[in-house]
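Peer 1: Pasting a structure here, questions to come.
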Amino acid sequence: MLKNTKAIIYFVLLMLFTISGYSQQQRFPKPEFESGHTQPEVLTPEPRLEALEYLDVVVLFLALAVISWLVLKQRSRKGVLLMTVFSVIYFGFFREGCVCSVGSLQNVVLALFDSSYAIPITTLLIFLLPIVFTLLYGRTFCAGVCPLGAIQDLVAIKPIELKPWLQKTLGILPFIYLGLSILYAATASDFVICRYDPFIGIYRFNGTFFMFAIGAILLLVGVFVARPYCRFLCPYGVILNWVSRFSRLHLTITPAKCIQCK
């Protein structure tokens, strides 16, 4: 455990140092177009009081600690369900999906490639905290804290098992999505994860008909195919999957108590 803790500290310090260094210089200047083309504005959420932003970080940390305890120590399905409901209410509807570790990936990438963008420390922490907990305890963030996964869990009523070949084929999509989101963020073109977040319109009670439709379709599919967005689209899940391979602790299934959730 001590070795893991030291590794995490070094990792966080390295990330902070790297991003700070990149903020001092422009590695890849934006191209200048003779045609008069201008770079589109990057989507950013409405500013919030700094104290409230730090409150969000504290709530995220506590939620990660509680869900890790419930999953690994208590093995409480009811407790995980309650945490899932809390995540939907707080991170989803109350905070309108803005405490989003998934979308913060783009902020980190933009900070690395654009010296004019100073990433807020709260955004960096929101990005790093699930990674730290994944290194220690496995992917407990996905178990009941992420508002994107939580809302899907609440509708997974009658899940079925997909054919292995189909799971493997669809499993390629998150890697493609991750690559595109990094490319768009690095070139300051767009935050595609935020723009095409299928549940943000539901959480904010607004959005285009197209985005409402995508979210509704995913939730409908989620009734029969557990967590379709998490398994076959989420780019942040790819990173957590890589990180979790270095974790010593993981959720284990007790066969006698398995509910065949697929």
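Since every read-out is calculated from the coordinates, none of them should be taken as a lab result. Since this is a predicted model, take the numbers as computed values, not measurements.
Peer 1: Please report the orientation-averaged projected area of the stretch 127-262, defined via the convex hull of its C-alpha atoms, in nm².
Peer 2: 9.4
Peer 1: Can you give the Kirkwood hydrodynamic radius for the stretch 81-139, in Å, rounded to one decimal and based on Cα pairs?
Peer 2: 12.7
Peer 1: For a bin width of 10 Å, list the pair-distance distribution of the stretch 111-150 built from all Cα-Cα distances, rounded to whole %.
Peer 2: Histogramming the stretch 111-150 at 10 Å steps yields 28, 40, 25, 8 percent.
Peer 1: Could you work out Rg/(2.2 N^0.38 Å) for the stretch 200-249, with Rg from alpha carbons only? Walk me through the numbers before you get to the answer.
Peer 2: Details: Rg = 14.3 Å, N = 50, 2.2 N^0.38 = 9.7 Å.
After normalising by residue count via 2.2 N^0.38 Å, the value is 1.47.
Peer 1: What is the stretch 171-234 by shape, rounded, prolate or oblate, if you read a ≥ b ≥ c off the alpha carbon gyration tensor as root eigenvalues and call it rounded for a/c under 1.5, prolate for a/b larger than b/c, and oblate otherwise?
Peer 2: Numbers: a/c = 3.14, a/b = 1.26, b/c = 2.49.
Oblate.
Peer 1: Given 25 °C and 0.890 mPa s, how large is the Stokes-Einstein diffusion coefficient of the stretch 102-195 in µm²/s, with Rh as the Kirkwood radius over Cα pairs?
Peer 2: 159
Peer 1: A follow-up question, please. Going down the list 78/257; 73/257; 168/257, which pairs span over 19 Å between their C-alpha atoms?
Peer 2: Violating the 19 Å Cα-Cα cut-off are 168/257.
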